[in-house]
1. Could you tell me whether His175 is surrounded by fewer than 21 Cβ atoms within 10 Å (Cβ to Cβ) and at pLDDT 95 or above?
2. Of everything in the range 1-16, what is of a type outside the set (Ser, Thr, Tyr), assigned to a helix (DSSP H, G or I) and either without any contact (Cβ under 8 Å) to a residue 60 or more places away in the chain or surrounded by 11 or more Cβ atoms within 10 Å (Cβ to Cβ) (or both)? Give them in sequence order.
3. Might you check whether a residue that is of a type in the set (Asp, Glu) and either more than 23 Å from Arg39 (Cβ to Cβ) or part of a strand (DSSP E or B) (or both) occurs anywhere in the range 206-213?
4. Restricting attention to the range 81-104, does a residue exist that is in a loop (DSSP other than H, G, I, E, B), touching a strand residue (DSSP E or B) at 6+ places or on another chain (Cβ under 8 Å), touching a residue at least 60 places away in the same chain (Cβ under 8 Å) and within 21 Å of Val333 (Cβ to Cβ)?
5. Out of all the residues in the range 312-326, which are closer than 30 Å to Tyr167 by Cβ and in contact with a helix residue (DSSP H, G or I) (Cβ under 6 Å, 6 or more places away or on another chain)?
6. Does Leu27 satisfy the criteria of being out of contact with any Leu (no Cβ under 9 Å at 6 or more places or on another chain) and in the same structural domain as Leu186 (by TED's automatic domain parsing)?
7. Could you go through the range 91-104 and let me know if any residue there is farther than 21 Å from Tyr263 by Cβ, modelled with pLDDT under 90 and not assigned by TED's automatic domain parsing to the domain that holds Leu182.
8. So Thr203 clears everything in (1) over 21 Å from Asp305 (Cα atoms); (2) crowded, with 18+ Cβ neighbours inside 10 Å except one condition, right? Which one?
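The values are calculated or read from the model by the stated rules, or taken from the named source; none is laboratory data. This structure is a prediction, so every number in the text was calculated from the model and none was measured. Here Cβ is always computed from backbone atoms with ideal geometry, including for glycine, and neighbour counts include all displayed protein chains.
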Amino acid sequence: MIRFIKYIIYNYRKIYLFPLWLPLFILSIPSKMIIIFQRKKGYRNASLDIFLIGVGNITVGGTGKTEVVAYLTEFLKKWSKPAVILRGYKSEIKKPEIVKPRLNSSLTGDEALLLANRFPSVPVIIARKRIEGLPLVQKQKRDCAVLDDAFQHWNIRCDLNIVLIDYTDPFGNGHLIPAGILREPLSALRDADLILITKYEKTGTEEPLLQLEEKIRLYNSDSPLFVSHYGFSSVLHKGKPVPMKKVRNKRLLVLCGIGNPVYFFLMVKKHLSPVNCKMIQFTDHHKYTAKDIKTIKSKLKKNFDYVITTEKDNIKLKDLKFDPLVLKIGLKVPEEKKMLQIIQKRMKSK
């Protein structure tokens with residue numbers, strides 16, 4: 001059903017699809033008016049000694065927020081005392097709580113547990129309303145916090161709003177959900193303090209990137225703008241590195257339930273050069289079942305040498321005692337020094 005709706009919104013100009021898309025457009029109008037009003041009204045101020053960094057976007061789907069949150073946390077913990085606050089999508093935790101590593105992902109949600117395992121010394125807090133997680137940040141005596149998916153969290157004003165834009169699909173068809181993938185009109189970009197284009201893979205020409213930057217500058221002409229991509233780190237099995245000669249040029253079954261599975265699929269092909277490569281795709285934050293594992297193992301036995309997946313998916317697969325290969329990637333920012341200096345300067349000026 002979700003794939004069918006995506007097909008409609010990306011091809012709505014076709015005569016036979018327009019009648020199906022039009023009701024979606026009509027449904028988007030009231031939410032657009034509400035969002036414009038809320039954005040004009042602005043965020044609520046909070047008098048805190050904690051420096052708040054919001055990481056967000058203006059589209060649905062995978063812009064790479066989790067990896068950016070991890071990247072910032074890694075930077076901040078070298079010279080400050082950060083915490084992370086996130087909603088904990090599909091978490092069973094109702095009240096604000098610090099996530100303990102090695103819990104079951106069905107309790108915490110995949111992103112929260114991934115971050116808690118990666119940063120055991122950093123409080124990773126699940127709070128459905130991010131503002132409700134702040135007392136725990138103060139109790140832990142932290143001086144800064146990274147708030148995941150906070151750009152539309154009106155209850156609190158962040159000291160630095162970082163907005164991510166997916167280079168592979170920046171704004172969809174330009175319409176708001178459910179008629180498109182935009183959560184807000186592009187005019188919302190004016191409230192971004194720093195803009196980070198994610199998933200930019202350099203090709204023969206930079207014209208598409210320049211066109212995207214020009215479009216962004218129509219709505220925000222002042223805030224620093226950077227590009228980033230994901231760099232290959234290693235292939236892991238049960239947390240341990242696997243020799244590359246063992247996994248290159250093999251038959252790989254790619255397994256993922258993330259916001260942008262196509263990008264991950266291309267990463268596998270680029271770095272591992274498989275002789276045969278196919279993908280089993282689930283929706284973002286998919287909760288794997290024993291039936292899923294049975295299907296995956298059946299396909300693996302017939303046609304493939306290995307199953308390979310993302311770190312986020314692997315967190316959930318561990319709960320089912322299934323251990324595929326994991327492609328470990330990390331955020332790379334060509335102008336990293338400049339970007340981090342801007343963030344550090346903003347923090348010290350508070």
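1. Details: surrounded by fewer than 21 Cβ atoms within 10 Å (Cβ to Cβ): yes; at pLDDT 95 or above: yes.
For His175, the condition - surrounded by fewer than 21 Cβ atoms within 10 Å (Cβ to Cβ) and at pLDDT 95 or above - is met.
2. Our first condition is that a residue be of a type outside the set (Ser, Thr, Tyr); within the range 1-16, this holds for 1-6, 8-9, 11, 13-15.
After this cut, where a residue has to be assigned to a helix (DSSP H, G or I) as well, the list is 2-6, 8-9.
Arg3, Phe4, Ile5, Lys6, Ile8, Ile9, listed by residue number.
3. Just the residues of the range 206-213 that are of a type in the set (Asp, Glu), to begin with: 206-207, 213.
Add one more test, that the residue is either more than 23 Å from Arg39 (Cβ to Cβ) or part of a strand (DSSP E or B) (or both), and what stays is 206-207.
Within the range 206-213, one or more residues are of a type in the set (Asp, Glu) and either more than 23 Å from Arg39 (Cβ to Cβ) or part of a strand (DSSP E or B) (or both).
4. no
5. The answer is Lys312, Ile315, Lys316, Val326.
6. Numbers: out of contact with any Leu (no Cβ under 9 Å at 6 or more places or on another chain): yes; in the same structural domain as Leu186 (by TED's automatic domain parsing): no.
No.
7. Taking every residue of the range 91-104 in turn, none turns out to be farther than 21 Å from Tyr263 by Cβ, modelled with pLDDT under 90 and not assigned by TED's automatic domain parsing to the domain that holds Leu182.
8. Every condition holds for Thr203 apart from (2).
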